[in-house]
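Before any comments, here is the structure.
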Amino acid sequence: EPDAFDDEEMRLLAELSGDLSFGLRALRDRGERDEARRRQQVAEGQLGRLVEASPTILYSLRQASGKLVPSAVSDNVQRILGYVPAEIMTPCWWSEHIHPDDAPRVAGIVPALLGGQPVSVEYRFAHRDGHYVWLRDEVRIGGVGAGGEVEVFGVMTDVTEHKKVEQSLENQRQVLEMVASGASLSATLDKLARGLEALLPGMCASILLLDADGLHLRHGAAPSLPEGYVRAIDGIAIGEGVGSCGTAAAIGKAVIVEDIARHPLWAPYVTLAAAYGLCACWSFPILSREGRVRGTLALYPPRVSRPTPAHLEQVRLATDVAAIAIGRHNEESALRASEARFRKLFDLAPVPF
């Protein structure tokens, strides 16, 4: 009650009340600042995790001495391309890792970019492990500094798998055109094998054809396998236990040998494989529409390994096209043989026609 205090006590209570009010306001303000900072940290963490999980690389460039040099890059560049961000922060580093065949085309976008146009370009870029990946690079000017320096923002996306699908479809189209135009089977299968090797760098592809006797496999195409090895396996008998291809042809199913040196199917041929540096073989039967074995398509990877889903999908498409090419060839061969027999009977007929 106010009457319970004298004037001096009331003055002290007023001062204390003011101090408490100020202290409470300060604590409340500090709590709000801490909460805002916590929310900002949570948002930044979420954004960082989103960028890290994203298939796109974010980066910025700044103009220095008339050139565009890196100023920032997202951390997921290490996951996608194998390089840490610090490696990229040097002039000319990026251009030195672009595939030589694509470098002039990439350099050609700079005038349009500096002219204010957003640009998009696709090119091959060297991954840290040595292979090339396809990138789609979308770039635009983010602003211009007081001194006229340009700041550029870009987004790069790994489109390697998309490019592989495009290449696969184009390769199939070209092979089917060869089939339709009556190209030789050897040339058609060679084209198919080379296209498959281009899609799967480091792989050696081999196509073997089931002989007319149905008991042996004959050379069809093997553009990158050693010639001595190709000669050695030409004419091998099919059967369970006869390597990857002989077994696949015998059972009509894929035979995946991850390590030739340790697999019992390759015991009779392990010395031959070692002589030519072959360490794994994945063989797949080529089947007709009726399910009859026409031959085999094999992939020899450069190291002990097993196929990925991407490998299996490419092989599935390739064996389908190979079956069409072989089937067309067999039908034409049968037709020519039938025509030859008919001509012979016609010419030897005892009565005129």
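The values are calculated or read from the model by the stated rules, or taken from the named source; none is laboratory data. Just so you know, these numbers come straight off a predicted model, no measurement behind them. As a convention, Cβ positions derive from the backbone with ideal geometry for all residues, glycine included, and neighbour counts pool all protein chains shown. All accessible areas refer to the heavy atoms of the entire protein, side chains included, with ligands and DNA or RNA removed. Shrake-Rupley method; radii C 1.70, N 1.55, O 1.52, S 1.80 Å.
Per the conditions (1) modelled with pLDDT of 80 or more; (2) surrounded by fewer than 12 Cβ atoms within 10 Å (Cβ to Cβ); (3) not β-branched (Val, Ile, Thr), the sole criterion not satisfied by Leu50 is (1).
Taking the conditions (1) crowded, with 17+ Cβ neighbours inside 10 Å; (2) at pLDDT 90 or above in turn, Val152 satisfies each one other than (2). Taken residue by residue, segment 81-102 has at least one member that is touching a residue at least 40 places away in the same chain (Cβ under 8 Å), closer than 28 Å to Leu200 by Cα and not small (Gly, Ala, Ser). Check segment 242-250 and report whether any residue there is touching a Gly at 6+ places or on another chain (Cβ under 7 Å) and either within 18 Å of Leu225 (Cα to Cα) or not aliphatic (A, V, I, L, M) (or both). Checked segment 242-250: at least one residue is touching a Gly at 6+ places or on another chain (Cβ under 7 Å) and either within 18 Å of Leu225 (Cα to Cα) or not aliphatic (A, V, I, L, M) (or both).
Check segment 230-241 and report whether any residue there is under 26 Å from Glu313 (Cβ atoms), aliphatic (A, V, I, L, M) and without any contact (Cβ under 8 Å) to a residue 24 or more places away in the chain. No.
Table: residues versus (1) in contact (Cβ under 8 Å) with a residue 12 or more places away in the chain; (2) in contact with an Asp or Glu (Cβ under 9 Å, 6 or more places away or on another chain); (3) open to solvent by less than 20 Å² (accessible area, probe 1.4 Å).
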position	(1), (2), (3)
Lys253	yes, no, no
Ile256	yes, no, no
Ile260	yes, no, yes
Val351	no, no, no
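Residues of segment 88-119 that are under 15 Å from Ile57 (Cβ atoms) and either open to solvent by 60 Å² or more (accessible area, probe 1.4 Å) or of a type in the set (S, T, N, Q) (or both): Met89 alone.
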